1. Using 1/(1 + (r/R0)^6) with R0 = 35 angstrom and r between the beta carbons of residue 19 and residue 44, what's the FRET efficiency to the nearest 0.05?
2. If you add up the charges near residue 45, with Lys and Arg at +1 and Asp and Glu at -1, over every other residue whose beta carbon is less than 14 angstrom from its beta carbon, what do you get?
3. Starting from the Cα-Cα distance between residue 36 and residue 55, subtract it from 0.36 nm times their residue separation and give me the gain in nm to one decimal.
4. Could you work out how much longer the chain between residue 2 and residue 98 gets when fully extended? Use 0.36 nm per residue separation minus the Cα distance between them, nm to one decimal.
Amino acid sequence: MLNHITIMGRLTRDPELRRTGTGVAVASFTLAVDRDFGGQGGERETDFIDCVAWRQTGEFVSKYFTKGRMAVVSGRLQIRNWTDKDGNKRRTAEIVADNVYFGDSKRDGDNAGSAYAAPAAPAFGGYTAPSATAPASDFAMLSDDDAQLPF
């Protein structure tokens, strides 16, 4: 049997990292995932999917992901039955994450609304990128006669 799910969406809040009584790390977070199709009004609907990551994966998520970041979560779907504080029986579906990947580039600062930072030009052993403007001597003006065109 197969129980594998992969979703991609944005975190709705910062992950919450807790520890079990034996010290095992567990991070809880929710992803807002757009559906591939529009609803009755033509607008795309969004599902809010609860996720949980254990041990090193949970610590990784807690350390590097914040509200608004795009994440790709790969894991298994788990249905849990539980009783709320009023004694009502509840049922919850969540993804138990095996792997969590970055779905976007690191943004400028921690603010979820900020724009992406343009990457700095890499330096490769003293290589200097060519100038955006070439010297005029590399070009020759063509007359209005189309016969000089090579095609």
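1. Numbers: r = 37 Å, r/R0 = 1.07.
So the FRET efficiency works out to roughly 0.40.
2. -2
3. Contour length minus the Cα-Cα distance gives 3.6 nm.
4. 33.1 nm
Here, each number is a calculation from the coordinates, and none is a lab measurement. Quantities reported herein were computed from a predicted structural model and do not represent experimental measurements. When we count neighbours, we look across all protein chains shown, and the Cβ atoms used for this are built from the backbone with ideal geometry, even at glycine.
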